[in-house]
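The values are calculated or read from the model by the stated rules, or taken from the named source; none is laboratory data. Worth saying up front: this structure is predicted, and the values here are computed from it rather than measured. Cβ sites come from the backbone with ideal geometry, for glycine too, and all protein chains shown count toward neighbours. For the accessible areas, the whole protein counts, side chains as well, though only heavy atoms, and no ligand, DNA or RNA atoms are used. Shrake-Rupley method; radii C 1.70, N 1.55, O 1.52, S 1.80 Å.
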Amino acid sequence: MDETLVAGATILEVEGLSKTFHVGGTWRGRGRVGVEAVRNLSLRLPQGGSIGLVGESGSGKTTTARLLVGLERPDAGTIRIAGRERSLGKVSASERRRRGREIQMVFQDPYTSLDPRQSVAEGVDEVLRFHFSLDSRERRARIEELLEQVGLGEREARALPRGLSGGQRQRVAIARALAAAPSVLILDEAVSALDVSIQAQILNLLGDIREQTQVSFIVVSHDLAVVRQITEETLVMYKGDVVERGETGSLLEQPNHPYTRMLLDSIPRIGWEPERISAERRAADLG
Amino acid sequence: MTALLDVHDLQVHLPVDGKLKPILSSVSFSIAEGETLGLVGESGSGKSMTARAIARLLPPGGEAAGEIRFGGSDVLALGGSELRAYRARSLGMVFQDPRAHINPVRRLGDFITESLRDAGQPTEAANERAIHLLSEVGLTDGGRLLGQFPHEMSGGMLQRVMIAAALANEPKLLLADEPTTALDVSTQAEIMAILLELRREHRLAVLFITHDLELAAATCDRVCVMYAGTIVEIQDASALFGAPLHPYTSALLASRPDISVRQRAQAIPGRPLSLFEAPPGCSFAPRCRFAVEDCLADRPDLRPVGPGRVACIRAEELDGATRGSEGSADG
């Protein structure tokens, strides 16, 4: 794979996105404090491209993902998908459905996001019924196509989630997200909980899917090596701010912000000196 | 060096769907005083069950056979008060998720001093000791922290409290089961810094369980790689990383995404198995690209090869070849 940016049209454009949560205080709201989870975030994702959002707990990377997919409402900023702006107000059921065909999300733990009583094929079928008016023959063909795309066979199609391994369940979650034929797929720590040998399989699968379907990715991850493998651009977030951004390869090779450098230094390797890293972290007061 | 802990031919069976199934087979290793031994493996490899067998904390219905000797005493034969004394004074335990192991409605002081008060220390002396322990793990405001509740602490702070409590009775061996897996990378560096310092200052032996080969290589003296309930390789950490002996270790190292270059990951086909799911012969054979017919015959024993020990009949002829990048398999 080459590292050149995919020269596609912009599919997702975000400008000045901000979100503050109000936490603590009494039940009447006295003593509440505002926590700015995301401050003035902008990005431009080309069709078929992939952007990584990296950072630690409290960096705002997951809040950003939730804002993009519509699970949180932004306080300020605009989100434009395929040229169409998302209004901030209340939305109708049909509008919500249309938005579902624009952006889908895959979470870290597929076990908690799959219905335990629904077979794999039924789970994919549900998404197809919700979004498209296909007859049962067309749906069957589409289910088969989607499951083949994520490397699942007939046996798995009939299985319940508990009859599957962690890697297979994550394949199911990906197939369900793709069933809505979204333009953008948000992967929120989607490979973090998997065994190392399985993680590699899923990373390759995601690369193949992007090549075949031109779906665009937003990759939320704490793992810089994962981001290196499946993104072209990376935003480093710290306490709600984007502190550094750039082409993924050069950002990881020549980091400019001390926080990015600290993240890179924290990765264990032979000759690693955790004592020095934690001393430097305290000295720099990075949290 | 004399061994503090000696595990010999450990077998563990656990009830799975109502039937007793094998989980660990022929697990043998030893840990010297002050040594950090890594246990590395994927799901079902048996690394956590090994630690639980050592602490005699197997799930209900679990059975352990073989030999576990700690400072000369036979751990599997301990009963009643001897077993309680062994757990309280010889072992310290730290787990992945401190929130799941600390009572959320009790103050942190209660948690840290529990074992001290059980051992008969008056409350005031126990509190003083707790404040000292907290300072050893980098929490200087101990007096105030003792009165706080777990929900008032971050994950990294709570993990330090857990380490402080584990050290209360000056154990000789610390069982650390994925102690940094749920933490941010920079917090992981801090917790590892604390563990490494404590090991040096107290000559503490550590059994360090992790799924992260790089972390084990960076922090352990020796590493055992486990697969499907058996140890497939033991080596010094630096040698294991540079020159793995078992095809599984090589494949695991190669499947980790590389941060320095973008390239297709060399995935291992299939998924990790539990011992009771594994076929006869070498458990890794179905996923191994070097497997030949002989691999399917008998389960290979752990035997000395070069600087380490390995359970692979082809270890000598494959020396170096397993680290090549040709013929990557893809699941």
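Identify, by number, the condition in (1) more than 16 Å from the chain's Cα centre (by Cα); (2) within 12 Å of chain A (Cβ to nearest Cβ) that B:H202 doesn't meet.
If we test B:H202 against (1) more than 16 Å from the chain's Cα centre (by Cα); (2) within 12 Å of chain A (Cβ to nearest Cβ), just (2) comes out false.
Per-residue answers, yes or no, for (1) in contact (Cβ under 8 Å) with a residue 60 or more places away in the chain; (2) assigned to a helix (DSSP H, G or I); (3) not hydrophobic (A, V, I, L, M, F, W, C):
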{"residue": "B:D6", "(1), (2), (3)": "yes, no, yes"}
{"residue": "B:L10", "(1), (2), (3)": "no, no, no"}
{"residue": "B:L14", "(1), (2), (3)": "no, no, no"}
{"residue": "B:V27", "(1), (2), (3)": "yes, no, no"}
{"residue": "B:G34", "(1), (2), (3)": "yes, no, yes"}
{"residue": "B:G44", "(1), (2), (3)": "yes, no, yes"}
{"residue": "B:T50", "(1), (2), (3)": "yes, yes, yes"}
{"residue": "B:L58", "(1), (2), (3)": "no, no, no"}
{"residue": "B:G61", "(1), (2), (3)": "no, no, yes"}
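Could you run through the range B:70-97 and say how many residues are closer than 30 Å to B:L273 by Cβ and either over 14 Å from the mean Cα position of the chain (by Cα) or polar (S, T, N, Q) (or both)? Reasoning before the result, please.
Quick first cut of the range B:70-97, residues closer than 30 Å to B:L273 by Cβ only: B:75-76, B:91, B:93-97.
Next, from what is left, pick out any that are either over 14 Å from the mean Cα position of the chain (by Cα) or polar (S, T, N, Q) (or both): B:75-76, B:96-97.
The qualifying residues number 4.
So A:L88 fits all but one of (1) open to solvent by 40 Å² or more (accessible area, probe 1.4 Å); (2) more than 14 Å from chain B (Cβ to nearest Cβ); (3) at pLDDT 90 or above; what number is the exception?
Going through the list (1) open to solvent by 40 Å² or more (accessible area, probe 1.4 Å); (2) more than 14 Å from chain B (Cβ to nearest Cβ); (3) at pLDDT 90 or above, A:L88 breaks only (3).
If you go through the range A:224-277, how many residues are open to solvent by 30 Å² or more (accessible area, probe 1.4 Å), touching a residue at least 60 places away in the same chain (Cβ under 8 Å) and not in a strand (DSSP E or B)?
Number satisfying all stated conditions: 1.
If we scan the range B:254-261, do we find a residue that is more than 9 Å from every other protein chain (Cβ to nearest Cβ), among the basic types (K, R) and either out of contact with any Phe, Trp or Tyr (no Cβ under 7 Å at 6 or more places or on another chain) or open to solvent by less than 40 Å² (accessible area, probe 1.4 Å) (or both)? I'd like the intermediate steps shown before the answer.
At the first step, the residues of the range B:254-261 found to be more than 9 Å from every other protein chain (Cβ to nearest Cβ) are none.
No: the range B:254-261 contains no residue that is more than 9 Å from every other protein chain (Cβ to nearest Cβ), among the basic types (K, R) and either out of contact with any Phe, Trp or Tyr (no Cβ under 7 Å at 6 or more places or on another chain) or open to solvent by less than 40 Å² (accessible area, probe 1.4 Å) (or both).
Select, from B:A193, B:A189, B:A218, B:A237, the only residue that is open to solvent by 20 Å² or more (accessible area, probe 1.4 Å), within 11 Å of chain A (Cβ to nearest Cβ) and more than 11 Å from the chain's Cα centre (by Cα).
Numbers: B:A193 fails: open to solvent by 20 Å² or more (accessible area, probe 1.4 Å); B:A189 fails: open to solvent by 20 Å² or more (accessible area, probe 1.4 Å); B:A237 fails: open to solvent by 20 Å² or more (accessible area, probe 1.4 Å).
B:A218 is the lone residue from the list that is open to solvent by 20 Å² or more (accessible area, probe 1.4 Å), within 11 Å of chain A (Cβ to nearest Cβ) and more than 11 Å from the chain's Cα centre (by Cα).
Identify all residues within the range B:1-47 that are acidic (D, E) and either touching a strand residue (DSSP E or B) at 6+ places or on another chain (Cβ under 7 Å) or modelled with pLDDT of 95 or more (or both); write none if there are none.
Scanning the range B:1-47 gives B:D6, B:D9, B:E33, B:E35.
Restricting to the range A:209-223, name every residue that is under 23 Å from A:A82 (Cα atoms) and open to solvent by 10 Å² or more (accessible area, probe 1.4 Å). Spell out how you get there, then give the answer.
Narrowing the range A:209-223 to residues under 23 Å from A:A82 (Cα atoms): A:209-220.
Across the range A:209-223, the qualifying residues are A:R210, A:E211, A:Q212, A:T213, A:Q214.
Of everything in the range B:111-134, what is open to solvent by 60 Å² or more (accessible area, probe 1.4 Å), free of Cβ contacts under 8 Å to residues at least 12 places away in the same chain and assigned to a helix (DSSP H, G or I)? Give them in sequence order.
Hits for the range B:111-134 are B:R117, B:T123, B:E124, B:E128, B:H132.
Given the options A:Q118, A:Q149, name the one that is closer than 19 Å to A:Q199 by Cα and either open to solvent by less than 60 Å² (accessible area, probe 1.4 Å) or within 14 Å of chain B (Cβ to nearest Cβ) (or both).
One residue alone meets the criteria, A:Q149.
Anything in the range A:185-198 that is in contact (Cβ under 8 Å) with a residue 24 or more places away in the chain and either within 9 Å of another protein chain (Cβ to nearest Cβ) or crowded, with 23+ Cβ neighbours inside 10 Å (or both)? List them, or say none. Please lay out each step first, then the result.
To start, the set of residues in the range A:185-198 that are in contact (Cβ under 8 Å) with a residue 24 or more places away in the chain comprises A:185-195, A:198.
Answer for the range A:185-198, where residues must be in contact (Cβ under 8 Å) with a residue 24 or more places away in the chain and either within 9 Å of another protein chain (Cβ to nearest Cβ) or crowded, with 23+ Cβ neighbours inside 10 Å (or both): A:L185, A:I186, A:L187, A:A190, A:V191, A:L194, A:D195, A:I198.
Pick from A:E72, A:E156, A:E122, A:E145: which is under 22 Å from the mean Cα position of the chain (by Cα) and at pLDDT 90 or above?
Values: A:E156 fails: under 22 Å from the mean Cα position of the chain (by Cα); A:E122 fails: under 22 Å from the mean Cα position of the chain (by Cα); A:E145 fails: under 22 Å from the mean Cα position of the chain (by Cα).
Sole residue among the options that is under 22 Å from the mean Cα position of the chain (by Cα) and at pLDDT 90 or above: A:E72.
Looking at (1) surrounded by fewer than 22 Cβ atoms within 10 Å (Cβ to Cβ); (2) away from chain A (no Cβ under 11 Å), which one does B:D184 not meet, given that it meets all the others?
Exception for B:D184: condition (2).
Restricting to the range B:91-110, name every residue that is at pLDDT below 90, of a type outside the set (A, V, I, L, M, F, W, C) and part of a helix (DSSP H, G or I).
Within the range B:91-110, B:P98, B:R99, B:H101 meet the criteria.
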